[in-house]
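Comments concern the structure below.
The values are calculated or read from the model by the stated rules, or taken from the named source; none is laboratory data. Predicted model, so just to flag it, every value in this text is computed and none were measured. Please note: Cβ atoms are built from the backbone with ideal geometry, for glycine as well, and neighbour counts cover all protein chains shown. Accessible surface is based on the protein model in full, side chains and every heavy atom, while ligands, DNA and RNA are left aside. Shrake-Rupley method; radii C 1.70, N 1.55, O 1.52, S 1.80 Å.
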There are 2 protein chains.
Amino acid sequence: MDNHIRPVELEKAYRLLNHGPTVLVSSSHEGTHNVMAAAWACALDFSPPKVTLVIDKMTKTRGLVEKSGYFALQVPNLDQLQMTFDVGTQSKVFTPDKLDKANVDLFRIDGHDSPLVAGCSAWLICKIIPEPHNQQTYDLFIGEVVGAWADNRVFNDGHWEFEKADPKWRSLHYVAGGHFYTIGEPAVVDTGDE
Amino acid sequence: MDNHIRPVELEKAYRLLNHGPTVLVSSSHEGTHNVMAAAWACALDFSPPKVTLVIDKMTKTRGLVEKSGYFALQVPNLDQLQMTFDVGTQSKVFTPDKLDKANVDLFRIDGHDSPLVAGCSAWLICKIIPEPHNQQTYDLFIGEVVGAWADNRVFNDGHWEFEKADPKWRSLHYVAGGHFYTIGEPAVVDTGDE
């Protein structure tokens with residue numbers, strides 16, 4: 001494992017998604033892997049941590065997630081901008097070698113089968129809580145986070161440190177049509193604490 | 001109505017939330033209003049546009065949303081940082097005058113009952129699609145967007161223009177403990193288009 005990857009306490013896993021980054025969704029079943037991009041992923045609960053994720057029925061990922069019962073979310077960064085766009089706009093249904101074309105490098109973490117995308121800022125492995133009505137009607141999946149990790153060059157002690165890290169670590173926030181924003185600067189309020 | 005507020009086509013309403021901003025949730029029932037902050041709101045569908053929103057059972061907003069069948073999401077900006085934190089950390093259950101204390105100014109748009117927070121960058125009025133199992137089990141609400149508007153000083157022709165607007169219009173992205181980031185700079189990929 002990359003020696004900058006550190007486990008994140010499960011009760012703080014929501015913080016990896018709380019600021020609304022676009023994520024990569026990876027999945028695997030019987031030797032077939034896929035990775036797609038998703039702007040529609042969101043924290044759902046603190047403890048045990050849960051997330052929501054929208055997965056269109058047209059995607060290759062949908063079948064892999066349904067069959068395996070797992071997906072992983074990861075937070076890509078500015079260094080991965082083109083790859084994030086490419087895996088989000090190409091379908092493995094039509095481009096079987098899309099992962100090679102997009103230069104996606106997968107790895108695994110001991111004790112977990114989910115393939116993870118190397119070079120991201122954070123990873124959450126999620127086990128599906130079956131909700132067939134949501135899945136069929138809304139393409140909405142609920143997952144319980146069973147493991148979370150982050151790269152300590154950008155996330156430490158439960159907090160993102162975008163302002164201290166190299167700008168290449170900034171998270172990506174997709175709008176439409178190839179138009180992303182990176183996350184910006186800290187804004188600190190008066191919390192009323194002494 | 002503020003003369004900078006423009007309707008957003010419903011099929012582009014998802015773009016108001018796609019980059020993952022922290023939102024304000026407003027609601028009203030029989031003359032009682034409330035506003036809370038939420039990081040756990042997300043687009044769910046394009047057309048008709050739908051959103052997901054997590055509303056804890058402990059909040060005053062929960063009852064207002066359930067009784068009225070509506071909520072509004074709005075995208076606050078850096079100019080509203082302290083207000084966003086204050087309405088997100090104080091409860092109307094314990095602080096009945098929290099909206100006055102937080103300097104929240106409400107307005108309405110013709111044809112809609114939902115109270116909206118003045119000074120935001122965008123607004124989405126949502127009608128609940130009743131899903132009692134999700135609401136009870138996960139505090140998860142699904143709403144269909146029935147109206148969307150944005151301030152044309154920061155959103156035009158279906159696109160955010162954070163890089164052209166005064167920095168006070170930057171959206172807010174909450175992590176935890178009074179620690180927000182603002183949205184940053186555009187990152188544009190090679191879309192492969194001629």
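Among B:PHE155, B:PHE71, B:PHE107, the residue with the largest mean-square fluctuation in a Gaussian network model of chain B, with springs joining Cα atoms closer than 10 Å, is B:PHE107.
Set the bar at 27 Å for Cα to Cα. Now go through A:LYS60/B:LYS57; B:LYS98/B:LYS127; B:LYS92/B:LYS127; A:LYS57/B:LYS12; B:LYS60/B:LYS168; A:LYS12/A:LYS60 and name every pair that lies beyond it. Exceeds cut-off: A:LYS60/B:LYS57; B:LYS60/B:LYS168; A:LYS12/A:LYS60. Per residue, the solvent-accessible area of chain B (1.4 Å probe, heavy atoms of protein chains only, all protein chains present) comes to 42 Å². Computed with the Debye formula from one identical point scatterer per Cα of the stretch A:5-182, without solvent, the log10 of I(q)/I(0) at q = 0.20 Å⁻¹ comes to -1.50.
Dipole size of the stretch B:5-182 about its Cα centre, with +1 on Lys/Arg Cβ and -1 on Asp/Glu Cβ: approximately 240 debye, rounded to the nearest 20.
The loop-placed trypsin sites (Lys or Arg not before Pro) in the stretch B:1-87, going by DSSP, that have at most 11 neighbouring Cβ atoms within 10 Å of their Cβ come out as B:LYS57.
Distance from the alpha carbon centroid of the stretch A:111-184 to that of the stretch B:64-85 works out to 25 angstrom.
Taken residue by residue and averaged, Cβ atoms of other chains lying within 10 Å of the Cβ of B:42-52 number 4. Treating each Cα of the protein assembly as shown as an identical point scatterer and summing with the Debye formula, the log10 of I(q)/I(0) at q = 0.06, 0.09, 0.15 Å⁻¹ comes to -0.21, -0.48, -1.42. Between A and B, buried accessible area from a 1.4 angstrom probe totals roughly 4400 Å², ignoring ligands, DNA and RNA. Have a look at B:ALA37, B:ALA72, B:ALA176 and tell me which one the Gaussian network model of chain B (Cα, springs below 10 Å) gives the largest fluctuation. Comparing B:ALA37, B:ALA72, B:ALA176 in the GNM, the peak value goes to B:ALA176.
Please state the equivalent ellipsoid semi-axes for the stretch B:77-182: what are the square roots of 5 times the Cα gyration tensor eigenvalues, largest first, in whole Å? Walk me through the intermediate numbers first.
Details: eigenvalues 114, 84, 50 Å².
Square roots of five times the eigenvalues give 24, 20, 16 Å.
Among the protein heavy atoms, those of B:ASP79 account for about 110 Å² of accessible surface (1.4 Å probe, every chain in place). Ignoring ligands, DNA and RNA, what percent of the 1.4 Å accessible area of the protein assembly as shown is carbon and sulfur? Carbon and sulfur: 47 percent of the exposed surface of the protein assembly as shown.
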